[in-house]
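S.K.: First the structure, then my questions, so here it is.
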Amino acid sequence: MVKRKGRAYRRRKRRVSPQRRGSQGLEAAANISHQLDYVQLRKWLKKKGFDDFYLVPANFPDIGRGLMTTKALQPGDLVIKLPEKCLLTTTTVLNSYLGEYIE
């Protein structure tokens with residue numbers, strides 16, 4: 001009977017060694033959605049009607065902050081759909097208290 005390798009072996013095998021990381025560019029993005037600023041942003045978005053949270057904020061090693069998807073995307077999939085209430089447009093700015101200073 002052949003001895004099977006366990007969960008720890010499979011996890012170690014998936015990990016990328018530092019030597020291979022630089023040559024193949026496989027540095028992983030760090031999920032930063034637990035930080036207070038992003039928690040408050042998600043609460044605000046939820047109040048405004050945004051409920052699709054497949055995108056999470058992440059810190060990428062080479063390019064900095066951005067959004068990372070938590071599920072595999074297929075060609076033609078919708079990436080993000082924001083309600084108009086969440087967008088900063090010229091109309092919303094002109095209707096705010098700043099509008100009189102801009103005009």
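S.K.: Quick check on the range 43-95: of everything there that is open to solvent by less than 50 Å² (accessible area, probe 1.4 Å) and in a helix (DSSP H, G or I), which residue is nearest to residue 30 (Cα to Cα)?
M.R.: Among residues in the range 43-95 that are open to solvent by less than 50 Å² (accessible area, probe 1.4 Å) and in a helix (DSSP H, G or I), the one nearest to residue 30 (Cα to Cα) is 45.
S.K.: Please give the number of the condition residue 6 fails out of (1) surrounded by 10 or more Cβ atoms within 10 Å (Cβ to Cβ); (2) at pLDDT below 85.
M.R.: Here residue 6 meets the rest and fails (1).
S.K.: Is at least one residue of the range 30-46 in contact (Cβ under 8 Å) with a residue 24 or more places away in the chain, touching a strand residue (DSSP E or B) at 6+ places or on another chain (Cβ under 7 Å), of a type in the set (Ser, Thr, Tyr) and on the phi < 0 side of the Ramachandran plot?
M.R.: Within the range 30-46, the first condition is being in contact (Cβ under 8 Å) with a residue 24 or more places away in the chain, and the residues that meet it are 30-33, 45.
The next check asks that each one be touching a strand residue (DSSP E or B) at 6+ places or on another chain (Cβ under 7 Å); those that pass are 30-33.
Next, only the ones that are of a type in the set (Ser, Thr, Tyr) stay: 33.
Filter again for on the phi < 0 side of the Ramachandran plot, leaving 33.
Within the range 30-46, one or more residues are in contact (Cβ under 8 Å) with a residue 24 or more places away in the chain, touching a strand residue (DSSP E or B) at 6+ places or on another chain (Cβ under 7 Å), of a type in the set (Ser, Thr, Tyr) and on the phi < 0 side of the Ramachandran plot.
S.K.: Could you check the range 61-83 and list, in sequence order, the residues that are modelled with pLDDT of 85 or more and charged (D, E, K, R)?
M.R.: Within the range 61-83, 65, 71, 77, 81 qualify.
S.K.: When the range 16-36 is examined, which residues are found to be modelled with pLDDT of 55 or more and surrounded by 10 or more Cβ atoms within 10 Å (Cβ to Cβ)? Spell out the reasoning first.
M.R.: Kept after step one, since they are modelled with pLDDT of 55 or more, are these residues of the range 16-36: 16, 27-36.
Once the filter is applied, which keeps residues that are modelled with pLDDT of 55 or more and surrounded by 10 or more Cβ atoms within 10 Å (Cβ to Cβ), the range 16-36 yields 16, 27, 28, 29, 30, 31, 32, 33, 35.
The values are calculated or read from the model by the stated rules, or taken from the named source; none is laboratory data. Bear in mind that the values here come from a model prediction, so they are computed numbers and not experimental data. Reconstructed Cβ throughout: ideal geometry from the backbone, glycine too, with neighbour counts over all protein chains shown. Keep in mind that these areas ignore ligands, DNA and RNA; they rest on the heavy atoms of the full protein, side chains included. Shrake-Rupley method; radii C 1.70, N 1.55, O 1.52, S 1.80 Å.
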